[in-house]
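Below is one structure; the comments refer to it alone.
The values are calculated or read from the model by the stated rules, or taken from the named source; none is laboratory data. The model shown is predicted, which means the values in this text are computed figures rather than measured ones. As a convention, Cβ positions derive from the backbone with ideal geometry for all residues, glycine included, and neighbour counts pool all protein chains shown.
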Amino acid sequence: MAILPYGRQTIEDDDIAAVVEALKGDFLTTGPTVEAFETAFAETVGARHAVACANGTAALHLAMLALKVQPGEAVIAPSITFLATANCARYVDAEVVFADVDPDSGLMTPETLAQALERVGERKLRAVLPVHLRGDAVNLPELATLAGDAGAVLVEDAPHALGTTMSYGNVAERVGDVRHSAMATFSFHPVKTIATGEGGMVTTNDPALAERLRMMRTHGMVRPEGADPWWYEMPEPGFNYRLPDILCALGLSQLAKLPRFAARRRALAKAYDEALAPLAPAVRIATRPAWSDPVLHLMCVLIDFEAAGTTRRAVVEALRERGVGTQVHYIPVHRQPYYRDRYGELELPGAEAWYARCLSLPLYPGMADGDVAHVAESLREVLGL
Ligand SMILES: *Cc1c(COP(=O)(O)O)cnc(C)c1O
């Protein structure tokens, strides 16, 4: 039986043609398509600068390097996220302070950030990394105020939220326009909203940060204006975090489809809202903040497995037998052996409550109309509702 995965890329003939075209060109890596992709991406999200890089993890690392985060300084990351959100702080020898999340939305909130700020201690706090989990936007204005008062900036880890819009007041904003943050990072891993295989992007409105991102992406090299044509200088060692021309060609082709992908994801999410409503209260969709109008990357539901007389493992396996793939987003990062060893046992009850109940159901543009009903019906059967 074919399994509906929890996420999947949509690659079409013209995407393939765009890659073939790039392969026939003069540049396989640093070529004109890199800049074309960056320009189109910046325009799409409403940012002044976009810097393409190897993947979403490299994007986070570059953000830490651009801010010159120093060893021993502190970075706050939520515990419910992918490993990379926390790991990027360790790449620059900074210490991670884990923030709790709201148990029903999975998001860092002003309350959970305020609690984390109390745990920073004597360290200098440099950055707070909220995650727009599954595609729903966090409360950026309030998080930015709290971070700013503590002497830090926001870096949005936004791989889930390409296309998400929000309105905190009367103004419509876009994830990635970085009105409240120093930078936002994106990933083009195949399950994300657009795919390049591996790929990432950082957006910023600050030209100095953009320049540092570009420098650290390419070995820390700079070419002073008016210098000899072969000349380059390295003020500090950077990395090879470039995104090749070939993948930028794929990214450009995919980005042009974002309106269609987004519309399809919104339609599928709406179909889930309706199909899952009769399964409440045993199955609830993750809480949507009032300001958020998401393009969902993940369809996260919360299930009280114990109350349903079952376990998540049994549900996952029974769904799989019915052709429904699922995933858990995420195991709390503070529970990872590395972080346990480093910071001891932390009590983050919101993260634990989210983790105990969360399950991500299939969501991707290539799903057929009937798939949502099949997933909902399978869930109803499996939970004996
Ligand atoms: C996917 C993802 C990353 C890492 O992106 P890669 O491209 O896989 O390196 C980081 N943070 C979050 C929240 C992600 O979903």
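Conditions tested, residue by residue: (1) among the β-branched types (Val, Ile, Thr); (2) in contact with a Cys (Cβ under 8 Å, 6 or more places away or on another chain).
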position: 18; (1), (2): no, no
position: 62; (1), (2): no, yes
position: 70; (1), (2): no, no
position: 81; (1), (2): yes, no
position: 84; (1), (2): no, no
position: 88; (1), (2): no, no
position: 97; (1), (2): yes, no
position: 105; (1), (2): no, no
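Screening the stretch 14-45 for residues that are of a type in the set (Gly, Ala, Ser) and part of a helix (DSSP H, G or I) and picking the one that is surrounded by the fewest Cβ atoms within 10 Å (Cβ to Cβ) gives 17. Scanning the stretch 358-382 for residues that are closer than 27 Å to residue 306 by Cα, touching a residue at least 60 places away in the same chain (Cβ under 8 Å) and under 21 Å from the mean Cα position of the chain (by Cα) yields a total of 5.
Residue 42 falls short on exactly one of the conditions (1) within 16 Å of the ligand (Cβ to nearest atom); (2) touching a His at 6+ places or on another chain (Cβ under 9 Å); (3) under 19 Å from residue 208 (Cα atoms); (4) of a type in the set (A, V, I, L, M, F, W, C), and that condition is (1). Somewhere in the stretch 95-113, is a residue within 16 Å of the ligand (Cβ to nearest atom) and in a helix (DSSP H, G or I)? No, there is no match, as no residue in the stretch 95-113 is within 16 Å of the ligand (Cβ to nearest atom) and in a helix (DSSP H, G or I). Might you let me know whether the stretch 208-218 holds any residue that is in contact with a His (Cβ under 6 Å, 6 or more places away or on another chain), touching a residue at least 60 places away in the same chain (Cβ under 8 Å) and closer than 20 Å to residue 36 by Cα? There is at least one residue in the stretch 208-218 that is in contact with a His (Cβ under 6 Å, 6 or more places away or on another chain), touching a residue at least 60 places away in the same chain (Cβ under 8 Å) and closer than 20 Å to residue 36 by Cα. Screening the stretch 46-56 for residues that are within 14 Å of residue 197 (Cα to Cα) and touching a helix residue (DSSP H, G or I) at 6+ places or on another chain (Cβ under 6 Å) and picking the one that is farthest from the ligand (Cβ to nearest atom) gives 52. For the stretch 59-70, check the following and say yes or no: at least one residue is surrounded by fewer than 21 Cβ atoms within 10 Å (Cβ to Cβ) and closer than 21 Å to residue 343 by Cβ. Within the stretch 59-70, one or more residues are surrounded by fewer than 21 Cβ atoms within 10 Å (Cβ to Cβ) and closer than 21 Å to residue 343 by Cβ.
Of the set (1) out of contact with any strand residue (DSSP E or B) (no Cβ under 6 Å at 6 or more places or on another chain); (2) at pLDDT 95 or above; (3) acidic (Asp, Glu), all apply to residue 73 but (1). The set of residues from the stretch 50-91 being under 21 Å from residue 114 (Cα atoms) and of a type outside the set (A, V, I, L, M) comprises 72, 73, 78, 79, 81, 85.
Here is the figure for the stretch 280-313: residues that are surrounded by fewer than 16 Cβ atoms within 10 Å (Cβ to Cβ) and either within 16 Å of the ligand (Cβ to nearest atom) or without any contact (Cβ under 8 Å) to a residue 60 or more places away in the chain (or both) total 8.
Could you list, in sequence order, the residues of the stretch 267-290 that are part of a helix (DSSP H, G or I) and closer than 20 Å to residue 107 by Cα? Those that are part of a helix (DSSP H, G or I) and closer than 20 Å to residue 107 by Cα: 269, 273.
Residue by residue, here is whether (1) within 18 Å of residue 108 (Cβ to Cβ); (2) more than 16 Å from the ligand (Cβ to nearest atom); (3) of a type outside the set (A, V, I, L, M, F, W, C) holds:
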| residue | (1), (2), (3) |
| --- | --- |
| 58 | no, no, no |
| 66 | no, yes, no |
| 77 | yes, no, no |
| 81 | yes, no, yes |
| 85 | yes, no, yes |
| 90 | no, no, yes |
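Taking the stretch 117-134 as the range and being out of contact with any helix residue (DSSP H, G or I) (no Cβ under 8 Å at 6 or more places or on another chain) and closer than 26 Å to residue 284 by Cβ as the test, the residues that pass are 132, 133, 134.
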